[in-house]
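Working notes for the structure below.
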Amino acid sequence: MDKWKESEMGIRNLSENIILVELPTDRSERADELKNLNEIISDKCQYDVIVDFYKVEIINSWNISNLLILRDMLEDAGRKLILCNINTLTRYIFVVAGLSEVFVFADNRPAALAAIRETDSPIIANP
């Protein structure tokens with residue numbers, strides 16, 4: 001069984017190769033959630049990931065650091081990371097930090113799914 005199915009984190013499969021992460025409102029829970037997500041992806045990097053910020057008011061440097069680590073792992077595996085439902089203040093933080101061109105943003109979940117499906121995801125060979 002997958003680690004996120006065993007836990008009560010806001011991580012779930014949308015399809016065979018797409019994970020949706022609903023970040024929590026609480027800052028410490030959000031940091032833990034992103035750290036756990038990075039551990040899951042480092043074990044099995046066969047998923048595209050959508051991170052939904054609809055509960056998030058503002059992010060901190062720890063959150064950004066974990067998102068950068070996640071992005072790098074996914075990019076190295078030929079997978080995608082899409083951030084969606086980001087409020088204006090949080091989006092501004094990405095712009096000021098010079099990260100607006102580093103991440104892919106979508107207005108909502110359907111747009112994030114469309115962004116993932118725009119190009120073919122890599123074919124994972126069966127072990």
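Rule-based calculations on the coordinates, nothing more; no lab input. Worth saying up front: this structure is predicted, and the values here are computed from it rather than measured. No Cβ is skipped: glycine too gets one built from the backbone with ideal geometry, and neighbour counts run over all protein chains shown.
More than 14 Å from VAL21 (Cβ to Cβ), surrounded by 13 or more Cβ atoms within 10 Å (Cβ to Cβ), without any contact (Cβ under 8 Å) to a residue 60 or more places away in the chain and of a type in the set (Lys, Arg): is that true of ARG91 in this structure? Give the steps one after another, and end with the answer.
Values: more than 14 Å from VAL21 (Cβ to Cβ): yes; surrounded by 13 or more Cβ atoms within 10 Å (Cβ to Cβ): yes; without any contact (Cβ under 8 Å) to a residue 60 or more places away in the chain: yes; of a type in the set (Lys, Arg): yes.
So ARG91 passes the test.
Output the residues belonging to segment 24-70 that are crowded, with 20+ Cβ neighbours inside 10 Å and closer than 20 Å to GLU118 by Cα.
Within segment 24-70, TYR47, ASP48, VAL49, ILE50, VAL51, ASP52 meet the criteria.
Give me the pairs, please: first residue somewhere in segment 12-40 and free of Cβ contacts under 8 Å to residues at least 60 places away in the same chain and of a type outside the set (Ser, Thr, Tyr), second residue anywhere and in a strand (DSSP E or B) and surrounded by fewer than 17 Cβ atoms within 10 Å (Cβ to Cβ), beta-carbon distance under 7 Å, and either six or more positions apart or on two chains.
Taking only residues 6 or more apart or on different chains, the pairs are ILE19/ASN13.
Can you find a residue that is under 19 Å from PHE103 (Cα atoms), in a loop (DSSP other than H, G, I, E, B) and touching a Gly at 6+ places or on another chain (Cβ under 8 Å) anywhere in segment 33-45?
Looking for residues that are under 19 Å from PHE103 (Cα atoms), in a loop (DSSP other than H, G, I, E, B) and touching a Gly at 6+ places or on another chain (Cβ under 8 Å), one finds none in segment 33-45, hence no.
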